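Single-structure report; data block below.
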Amino acid sequence: MKKVVKFGGSSLASAEQFVKVGNIIRADKERSYVVPSAPGKRFPEDTKVTDMLYDCYGIAKAGKDFSAELAAIKARYQEIIDGLRMELSLDEEFQVIEKNFKEKAGHNYAASRGEYLNGIIMAAYLGYDFIDAAEVIFFQDNGEFDADLTNEVLAERLSHCQNAVIPGFYGAYADGRVKTFSRGGSDVTGSIVAKAVKADVYENWTDVSGFLVADPRIIDNPEVIEVITYRELRELAYMGAGVLHEDAIFPVRQQGIPINIRNTNAPEDEGTWIVGSTCQKSKYVITGIAGKKGFCAINIEKDKMNSEIGFGRKVLQSFEENGISFEHVPSGIDTMTVFVHQDEFMHKEQKVVAGIHRLANPDSIDIESDLALIAVVGRGMKSMRGTAGRLFSALAHANINVKMIDQGSSELNIIIGVANEDFETAIKAVYDIFVVTQL
């Protein structure tokens, strides 16, 4: 068996955490390839190294003295090295970083150095080969990830390494310029490495014991999801559940490689398994609940709308012309509602409204703001009668007015729209009916 293991920033924030990670890796000889993040926060008031690098580079770009800020970053790494009692010097690396900052190498380069330096320390600590991600992970000129070239080069390079450390979060353009994924992109790197080596398992180690049924900031001690499918995870991740970067799903999904979310601080916990499909029934009817605030609804009315060919396309064309993507479009016989992100829409609302009038000639348009969308997701809902009824009964009992209902034909999820102010109460009501009381 071959495993790829990725460790998040909180798992590598200090020498003490490095020791935990080292023990986890050494406990299983099949953990062959390691993807580290940059050091995260050591304590709640601390600053992540990536944020320190952004700040430092901002000062350098402005032409000001950044020596104190760079020295503080170097001290963070030296603290880890000293704590591990290692004979390792990063002096040359920091000289190169200082030179490139002065030459304004770019924000992507600056941000990537956190993972790069942590990768060097991790490789030295484990005695593994170090592979700079800029040499094996590639982006096209338009900034899109080049999956085919990356897989070809990375697979060839790793075929000669029994054990290796590949820093997360970044790669490079063809000319060698560093390019990063979005924040949290080390998850994506781990998935890319797992695909390249045809791993049996991709272990993603973080500071929680798996994927939770609901947001712990809203629900006290929510249950851990034991098994979740890629499709369920995709729905929950898109709606704000943030244990795993949503783009990390695709490379391993193509190869049928399962992801195991584990807790660095509780390695004995089984965590959550993310799989392509499973015959295992979920513990509850629902698998998870997730949601986001900050939406608005544009309600369009027109008599006999349902018989007017192309009406929906004309309405959506106005959003497209203004560069606004939509989330959901529930409709009736004479009504159509478009849900969009409020912060994207508010500065262009009159242009969009004017465009809808011009293109579709509706009878009226009404806008409702400060809405939240909640996704109730579960493969078990398909085989359980009355799920929607129980859901809306729970919301009614909590005195919550439902603004929108949208259920996909796959019966994998139900999306409900509520007022922002009812968001937390709605999630508590759903969790209570399906997990706590299971009525």
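For residue 191, work out the one condition from (1) open to solvent by 10 Å² or more (accessible area, probe 1.4 Å); (2) in a helix (DSSP H, G or I) it doesn't fulfil.
Here residue 191 meets the rest and fails (1).
Conditions first: (1) under 24 Å from residue 191 (Cβ atoms); (2) open to solvent by 30 Å² or more (accessible area, probe 1.4 Å). Residue 287 passes all but one, so which condition is the exception?
(2)
For residues that are under 27 Å from residue 29 (Cβ atoms) and at pLDDT 90 or above, scanning just the range 225-249, find the one that is least open to solvent (accessible area, probe 1.4 Å).
227
Hey, which of the helices (runs of 4 or more DSSP H) in the range 342-439, taking only ones fully inside, have at least 2 residues that are of a type in the set (Phe, Trp, Tyr)?
Per the criteria, 423-431.
Would you be able to tell me the number of residues in the range 194-208 that are open to solvent by less than 30 Å² (accessible area, probe 1.4 Å) and either in a loop (DSSP other than H, G, I, E, B) or closer than 20 Å to residue 267 by Cβ (or both)?
9
Hey, among 365, 356, 427, 400, which residue is open to solvent by less than 70 Å² (accessible area, probe 1.4 Å), at pLDDT 95 or above and in contact with a Pro (Cβ under 8 Å, 6 or more places away or on another chain)?
None of the other options fit; the residue is 356.
Is the range 31-40 home to any residue that is within 16 Å of residue 262 (Cβ to Cβ), in a loop (DSSP other than H, G, I, E, B), among the polar types (S, T, N, Q) and modelled with pLDDT of 95 or more?
Within the range 31-40 (the criterion being within 16 Å of residue 262 (Cβ to Cβ), in a loop (DSSP other than H, G, I, E, B), among the polar types (S, T, N, Q) and modelled with pLDDT of 95 or more), the answer is yes, since at least one residue qualifies.
Which of the numbered conditions does residue 324 fail, given that it passes all the others? Conditions: (1) closer than 21 Å to residue 417 by Cβ; (2) in contact with a Lys or Arg (Cβ under 8 Å, 6 or more places away or on another chain); (3) open to solvent by 30 Å² or more (accessible area, probe 1.4 Å).
(3)
Is there a residue being in contact with an Asp or Glu (Cβ under 9 Å, 6 or more places away or on another chain), surrounded by 15 or more Cβ atoms within 10 Å (Cβ to Cβ) and in a helix (DSSP H, G or I) anywhere in the range 14-21?
yes
Looking only at residues in the range 178-188 that are open to solvent by 20 Å² or more (accessible area, probe 1.4 Å), within 17 Å of the chain's Cα centre (by Cα) and of a type outside the set (S, T, N, Q), which one is nearest to residue 136 (Cα to Cα)?
For the range 178-188, the residue satisfying everything is 181.
Taking the range 142-177, which residues are more than 24 Å from the chain's Cα centre (by Cα) and in a loop (DSSP other than H, G, I, E, B)?
Those that are more than 24 Å from the chain's Cα centre (by Cα) and in a loop (DSSP other than H, G, I, E, B): 159, 160, 161, 162, 163, 174, 175, 176, 177.
Take the range 32-51 and flag every residue that is open to solvent by 20 Å² or more (accessible area, probe 1.4 Å) and either polar (S, T, N, Q) or under 21 Å from residue 134 (Cα atoms) (or both).
47, 51
Determine whether residue 292 is of a type in the set (Lys, Arg) and surrounded by 14 or more Cβ atoms within 10 Å (Cβ to Cβ).
When the stated conditions are applied, residue 292 passes them.
Is it the case that the range 143-164 has a residue that's open to solvent by 40 Å² or more (accessible area, probe 1.4 Å), without any contact (Cβ under 8 Å) to a residue 60 or more places away in the chain, among the acidic types (Asp, Glu) and within 24 Å of residue 81 (Cα to Cα)?
The answer is no; no qualifying residue exists.
Kindly indicate whether residue 252 is closer than 23 Å to residue 380 by Cβ and open to solvent by less than 30 Å² (accessible area, probe 1.4 Å).
No: the conditions fail for residue 252.
Looking at the range 266-277 only, could you name the residues that are in contact with a helix residue (DSSP H, G or I) (Cβ under 8 Å, 6 or more places away or on another chain) and at pLDDT 95 or above?
267
Among (1) open to solvent by 40 Å² or more (accessible area, probe 1.4 Å); (2) at positive phi, where does residue 169 come up short?
Unmet for residue 169, out of (1) open to solvent by 40 Å² or more (accessible area, probe 1.4 Å); (2) at positive phi: (1).
Give, as residue ranges, the helices (runs of 4 or more DSSP H) completely inside the range 226-321 that count at least 1 residues that are in contact (Cβ under 8 Å) with a residue 24 or more places away in the chain, within 30 Å of residue 169 (Cβ to Cβ) and touching a Phe, Trp or Tyr at 6+ places or on another chain (Cβ under 9 Å).
230-238, 249-255
The values are calculated or read from the model by the stated rules, or taken from the named source; none is laboratory data. As the structure is a prediction and not an experimental result, all values here were calculated from the model. Every residue, glycine as well, gets a Cβ built from its backbone with ideal geometry; the counts of neighbours run over all protein chains shown. Accessible surface areas use protein heavy atoms only, side chains included; no ligands, DNA or RNA. Shrake-Rupley method; radii C 1.70, N 1.55, O 1.52, S 1.80 Å.
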